[in-house]
Amino acid sequence: MVSFKLESWAALAPGLESREAWLSWLQNPQPIDRPLGKVSLRQFPLMLRRRFSTLGKCAMGAVLPLLNEGEKIPSIFASRHGDTALTLSLLESMGRDEPMSPTGFSLAVHNAVSGLFSIARQDLHEVTSIAANEGLVVQTLLEAVGQLQDAERVLCVVYDVPLPDLYSRYSESEPFPYAIAMIISRSEGEPFNLGPCDALAKPIAELPNDLNTESLRFLRLLVGDSTVADTELNGVIWRIARA
(Lines give C-alpha, C1' and ligand atoms only; values in the text may rest on other atoms or scores of the structure.)
Protein backbone atom coordinates (compact mmCIF):
# COMPACT_ATOMS: atom_id res chain seq x y z
CA MET A 1 0.00 0.00 0.00
CA VAL A 2 1.15 3.53 -0.78
CA SER A 3 -0.01 6.82 0.68
CA PHE A 4 -0.27 10.35 -0.65
CA LYS A 5 -1.91 13.65 0.24
CA LEU A 6 -4.43 15.42 -1.95
CA GLU A 7 -3.74 19.13 -1.69
CA SER A 8 -6.47 20.29 -4.07
CA TRP A 9 -8.59 19.09 -6.96
CA ALA A 10 -11.00 20.30 -9.61
CA ALA A 11 -13.13 18.55 -12.21
CA LEU A 12 -14.86 19.76 -15.33
CA ALA A 13 -17.52 18.44 -17.71
CA PRO A 14 -20.32 20.18 -19.62
CA GLY A 15 -22.44 21.91 -16.99
CA LEU A 16 -20.39 20.47 -14.10
CA GLU A 17 -17.65 22.60 -12.57
CA SER A 18 -18.08 22.79 -8.79
CA ARG A 19 -17.94 20.06 -6.15
CA GLU A 20 -21.58 20.70 -5.37
CA ALA A 21 -22.62 20.33 -9.00
CA TRP A 22 -20.72 17.05 -9.32
CA LEU A 23 -22.19 15.71 -6.09
CA SER A 24 -25.73 16.52 -7.18
CA TRP A 25 -25.22 14.95 -10.61
CA LEU A 26 -23.49 11.81 -9.30
CA GLN A 27 -26.37 11.22 -6.89
CA ASN A 28 -28.89 11.62 -9.70
CA PRO A 29 -27.05 11.24 -13.02
CA GLN A 30 -28.77 12.52 -16.13
CA PRO A 31 -27.59 12.34 -19.74
CA ILE A 32 -25.14 15.09 -20.67
CA ASP A 33 -25.59 15.94 -24.32
CA ARG A 34 -24.52 19.58 -24.35
CA PRO A 35 -21.07 20.62 -25.65
CA LEU A 36 -18.30 21.79 -23.38
CA GLY A 37 -18.79 25.40 -22.37
CA LYS A 38 -16.28 28.16 -22.99
CA VAL A 39 -12.98 27.66 -21.17
CA SER A 40 -10.93 30.79 -20.54
CA LEU A 41 -7.34 30.51 -21.80
CA ARG A 42 -6.62 34.23 -21.56
CA GLN A 43 -3.32 33.68 -19.79
CA PHE A 44 -2.02 31.79 -22.86
CA PRO A 45 -0.70 33.47 -26.04
CA LEU A 46 -3.36 33.69 -28.77
CA MET A 47 -1.45 31.43 -31.18
CA LEU A 48 -1.30 28.68 -28.57
CA ARG A 49 -4.95 29.07 -27.55
CA ARG A 50 -5.99 28.16 -31.08
CA ARG A 51 -4.20 24.84 -30.85
CA PHE A 52 -6.30 23.52 -27.96
CA SER A 53 -9.07 21.17 -29.10
CA THR A 54 -12.03 20.21 -26.90
CA LEU A 55 -9.78 17.64 -25.21
CA GLY A 56 -7.14 20.21 -24.34
CA LYS A 57 -9.62 22.90 -23.32
CA CYS A 58 -11.32 20.46 -20.98
CA ALA A 59 -7.99 19.57 -19.36
CA MET A 60 -7.01 23.23 -18.99
CA GLY A 61 -10.42 24.09 -17.53
CA ALA A 62 -9.69 21.73 -14.63
CA VAL A 63 -5.98 22.51 -14.29
CA LEU A 64 -5.77 26.29 -14.35
CA PRO A 65 -7.90 26.98 -11.24
CA LEU A 66 -5.42 24.93 -9.18
CA LEU A 67 -2.30 26.86 -10.17
CA ASN A 68 -1.08 30.32 -9.34
CA GLU A 69 0.12 32.40 -12.26
CA GLY A 70 3.73 31.54 -13.01
CA GLU A 71 3.72 28.51 -10.70
CA LYS A 72 6.01 25.70 -11.89
CA ILE A 73 5.30 22.07 -11.04
CA PRO A 74 6.03 18.55 -12.38
CA SER A 75 2.97 17.16 -14.12
CA ILE A 76 1.34 13.93 -15.26
CA PHE A 77 -1.24 14.04 -18.06
CA ALA A 78 -3.25 10.83 -18.42
CA SER A 79 -5.75 10.08 -21.17
CA ARG A 80 -7.04 6.68 -22.19
CA HIS A 81 -7.49 7.49 -25.87
CA GLY A 82 -6.15 10.98 -26.52
CA ASP A 83 -7.63 13.09 -29.32
CA THR A 84 -9.05 10.21 -31.35
CA ALA A 85 -11.29 12.46 -33.45
CA LEU A 86 -8.23 14.34 -34.71
CA THR A 87 -6.31 11.11 -35.24
CA LEU A 88 -9.21 9.65 -37.20
CA SER A 89 -9.44 12.74 -39.41
CA LEU A 90 -5.73 12.37 -40.25
CA LEU A 91 -6.21 8.70 -41.12
CA GLU A 92 -9.18 9.55 -43.32
CA SER A 93 -7.09 12.17 -45.11
CA MET A 94 -4.39 9.59 -45.74
CA GLY A 95 -7.05 7.23 -47.09
CA ARG A 96 -8.00 9.92 -49.63
CA ASP A 97 -4.30 10.31 -50.59
CA GLU A 98 -4.29 13.85 -49.24
CA PRO A 99 -1.12 15.28 -47.67
CA MET A 100 -1.01 15.07 -43.91
CA SER A 101 -1.23 18.34 -42.02
CA PRO A 102 2.00 18.84 -40.00
CA THR A 103 0.06 20.89 -37.44
CA GLY A 104 -2.64 18.23 -37.20
CA PHE A 105 -0.04 15.51 -36.72
CA SER A 106 1.77 17.47 -34.00
CA LEU A 107 -1.49 17.98 -32.11
CA ALA A 108 -2.59 14.34 -32.46
CA VAL A 109 0.33 12.85 -30.52
CA HIS A 110 -0.52 11.74 -27.00
CA ASN A 111 1.59 14.36 -25.25
CA ALA A 112 0.27 17.28 -27.30
CA VAL A 113 -1.86 18.78 -24.51
CA SER A 114 0.89 18.51 -21.90
CA GLY A 115 3.36 20.00 -24.38
CA LEU A 116 1.13 22.99 -25.10
CA PHE A 117 0.59 23.45 -21.37
CA SER A 118 4.30 23.49 -20.55
CA ILE A 119 5.09 25.83 -23.47
CA ALA A 120 2.29 28.25 -22.60
CA ARG A 121 3.40 28.43 -18.97
CA GLN A 122 7.13 28.30 -19.79
CA ASP A 123 7.48 25.47 -17.30
CA LEU A 124 10.61 23.36 -17.73
CA HIS A 125 9.65 20.77 -15.10
CA GLU A 126 9.31 17.17 -16.19
CA VAL A 127 6.04 16.17 -17.88
CA THR A 128 4.79 12.58 -18.07
CA SER A 129 2.11 11.47 -20.52
CA ILE A 130 0.20 8.27 -19.73
CA ALA A 131 -2.06 6.17 -21.96
CA ALA A 132 -3.81 3.28 -20.23
CA ASN A 133 -6.86 1.44 -21.51
CA GLU A 134 -7.62 0.23 -17.98
CA GLY A 135 -6.85 1.62 -14.55
CA LEU A 136 -6.07 5.13 -15.77
CA VAL A 137 -6.62 6.80 -12.39
CA VAL A 138 -4.76 4.09 -10.46
CA GLN A 139 -1.79 4.18 -12.79
CA THR A 140 -1.69 7.97 -12.70
CA LEU A 141 -1.63 8.00 -8.88
CA LEU A 142 1.04 5.29 -8.73
CA GLU A 143 3.19 7.36 -11.08
CA ALA A 144 2.59 10.44 -8.92
CA VAL A 145 3.61 8.62 -5.74
CA GLY A 146 6.82 7.58 -7.46
CA GLN A 147 7.54 11.15 -8.51
CA LEU A 148 6.97 12.39 -4.95
CA GLN A 149 10.24 10.69 -4.06
CA ASP A 150 11.96 13.61 -5.79
CA ALA A 151 9.30 16.34 -5.86
CA GLU A 152 7.28 17.95 -3.09
CA ARG A 153 4.15 18.30 -5.26
CA VAL A 154 2.94 16.82 -8.54
CA LEU A 155 0.08 17.94 -10.78
CA CYS A 156 -2.06 15.06 -12.10
CA VAL A 157 -4.62 15.43 -14.88
CA VAL A 158 -6.96 12.63 -15.99
CA TYR A 159 -8.98 13.64 -19.04
CA ASP A 160 -10.80 12.22 -22.06
CA VAL A 161 -13.46 12.90 -24.67
CA PRO A 162 -15.97 10.43 -26.14
CA LEU A 163 -14.69 8.12 -28.83
CA PRO A 164 -15.85 8.65 -32.43
CA ASP A 165 -18.62 6.28 -33.49
CA LEU A 166 -16.18 4.22 -35.54
CA TYR A 167 -14.25 3.25 -32.40
CA SER A 168 -16.94 3.31 -29.71
CA ARG A 169 -17.97 -0.32 -30.28
CA TYR A 170 -14.47 -1.53 -29.45
CA SER A 171 -13.70 0.27 -26.19
CA GLU A 172 -15.42 2.01 -23.29
CA SER A 173 -15.30 5.75 -22.88
CA GLU A 174 -17.13 8.34 -20.85
CA PRO A 175 -20.11 9.63 -22.88
CA PHE A 176 -19.03 13.27 -22.42
CA PRO A 177 -15.77 15.24 -22.22
CA TYR A 178 -14.35 15.45 -18.71
CA ALA A 179 -11.17 16.28 -16.83
CA ILE A 180 -10.02 15.73 -13.24
CA ALA A 181 -7.01 17.74 -12.04
CA MET A 182 -5.26 17.14 -8.72
CA ILE A 183 -2.22 18.38 -6.88
CA ILE A 184 -0.65 15.46 -5.03
CA SER A 185 1.69 16.36 -2.18
CA ARG A 186 4.13 14.77 0.23
CA SER A 187 3.08 16.84 3.22
CA GLU A 188 0.02 19.05 2.60
CA GLY A 189 -3.58 17.98 2.12
CA GLU A 190 -6.02 15.19 2.86
CA PRO A 191 -4.37 11.75 3.28
CA PHE A 192 -5.31 8.86 0.97
CA ASN A 193 -4.19 5.26 0.63
CA LEU A 194 -3.88 3.23 -2.55
CA GLY A 195 -3.27 -0.50 -2.67
CA PRO A 196 -4.61 -3.95 -3.56
CA CYS A 197 -7.58 -5.38 -1.66
CA ASP A 198 -9.38 -8.72 -1.46
CA ALA A 199 -12.83 -7.88 -2.84
CA LEU A 200 -14.76 -5.10 -4.54
CA ALA A 201 -16.65 -2.87 -2.14
CA LYS A 202 -20.42 -2.74 -2.56
CA PRO A 203 -21.32 0.86 -3.42
CA ILE A 204 -24.07 2.71 -1.60
CA ALA A 205 -25.76 3.24 -4.96
CA GLU A 206 -24.70 1.89 -8.33
CA LEU A 207 -24.01 4.22 -11.21
CA PRO A 208 -25.76 3.30 -14.48
CA ASN A 209 -23.70 0.87 -16.56
CA ASP A 210 -22.57 3.46 -19.10
CA LEU A 211 -21.42 5.75 -16.26
CA ASN A 212 -19.85 3.13 -14.00
CA THR A 213 -16.33 4.06 -15.06
CA GLU A 214 -13.18 4.30 -12.99
CA SER A 215 -12.98 8.08 -13.34
CA LEU A 216 -16.56 8.66 -12.20
CA ARG A 217 -16.20 6.22 -9.30
CA PHE A 218 -13.10 8.17 -8.26
CA LEU A 219 -15.06 11.43 -8.48
CA ARG A 220 -17.68 9.94 -6.15
CA LEU A 221 -14.89 9.43 -3.64
CA LEU A 222 -13.61 12.98 -4.09
CA VAL A 223 -17.01 14.61 -3.58
CA GLY A 224 -17.79 12.45 -0.54
CA ASP A 225 -20.50 10.30 -2.10
CA SER A 226 -18.47 7.10 -1.60
CA THR A 227 -15.92 5.86 0.92
CA VAL A 228 -13.68 4.01 -1.56
CA ALA A 229 -12.99 3.81 -5.29
CA ASP A 230 -12.20 0.30 -6.52
CA THR A 231 -10.74 -0.71 -9.88
CA GLU A 232 -9.97 -4.16 -11.19
CA LEU A 233 -6.72 -4.16 -13.15
CA ASN A 234 -4.98 -7.25 -14.52
CA GLY A 235 -6.79 -9.50 -12.05
CA VAL A 236 -6.00 -7.31 -9.03
CA ILE A 237 -8.51 -5.07 -7.24
CA TRP A 238 -6.97 -1.68 -6.43
CA ARG A 239 -8.63 0.50 -3.82
CA ILE A 240 -8.30 4.24 -3.28
CA ALA A 241 -9.59 5.38 0.11
CA ARG A 242 -9.21 8.17 2.57
CA ALA A 243 -6.65 7.29 5.24
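The values are calculated or read from the model by the stated rules, or taken from the named source; none is laboratory data. Keep in mind the model is a prediction, meaning the values are calculated, not measured. As a convention, Cβ positions derive from the backbone with ideal geometry for all residues, glycine included, and neighbour counts pool all protein chains shown. These area figures cover heavy atoms from the full protein model, side chains too; ligands, DNA and RNA do not enter into them. Shrake-Rupley method; radii C 1.70, N 1.55, O 1.52, S 1.80 Å.
For the range 5-19 and the range 211-243, write down the distance between their C-alpha centroids in whole Å. Cα centres, the range 5-19 to the range 211-243: 16 Å. About the centre of its Cα atoms, the range 50-92 shows a dipole size close to 20 debye [charges on the beta carbon of Lys, Arg (+1) and Asp, Glu (-1) only; nearest 20 debye]. When you restrict to C-alpha pairs under 8 Å that are six or more residues apart and normalise by the size of the chain, the relative contact order lands at 30 percent.
As I understand it, the dipole of the range 1-133 uses +1 on the Cβ of Lys and Arg and -1 on the Cβ of Asp and Glu, about the Cα centre. Which of Ala59, Leu124, Ser40 lies farthest toward its positive end? Toward the positive end, the furthest listed residue is Ser40. Helical runs assigned H by DSSP (4 residues or longer) give the chain a calculated mean residue ellipticity at 222 nm of -9000 deg cm²/dmol, each run adding -39500 (n - 2.57) before division by the residue total. In terms of its C-alpha gyration tensor, the range 114-243 comes out oblate, because a/c is 1.5 or above while a/b does not outweigh b/c. With all projection directions averaged, the alpha carbon convex hull of the chain covers 13.7 nm². The accessible surface of the range 1-146, taken with every protein chain in place and a 1.4 Å probe, is 51 percent carbon and sulfur.
For the chain, the solvent-accessible area with a 1.4 angstrom probe is 51 square angstrom per residue. For the pair the range 163-181 / the range 27-65, the C-alpha centres are spaced 16 Å from each other. Restricted to Cα atoms, the range 1-135 shows a radius of gyration and a Dmax of 16.7, 52 angstrom.
The loop-placed GluC sites (Glu not before Pro) in the range 94-155, going by DSSP, that have at most 15 neighbouring Cβ atoms within 10 Å of their Cβ come out as Glu126, Glu134, Glu152. Here the contact order of the range 131-238, divided by its residue count and restricted to Cα pairs under 8 Å and six or more residues apart, works out to 27 percent. Normalised by 2.2 N^0.38 Å, where N is the number of residues, the alpha-carbon radius of gyration of the range 39-100 equals 1.43. Taken over the alpha carbons of the range 59-186 as equal point scatterers, the Debye sum produces base-10 log I(q)/I(0) values at 0.18 Å⁻¹ of -1.00.
Magnitude of the charge dipole for the chain, about its Cα centre and with charges confined to Cβ atoms of Lys, Arg (+1) and Asp, Glu (-1), is about 560 debye.
Remind me, relative contact order of the range 52-136 in percent, using alpha carbon pairs under 8 angstrom and six or more residues apart?
Computed over the range 52-136, the figure is 46 percent.
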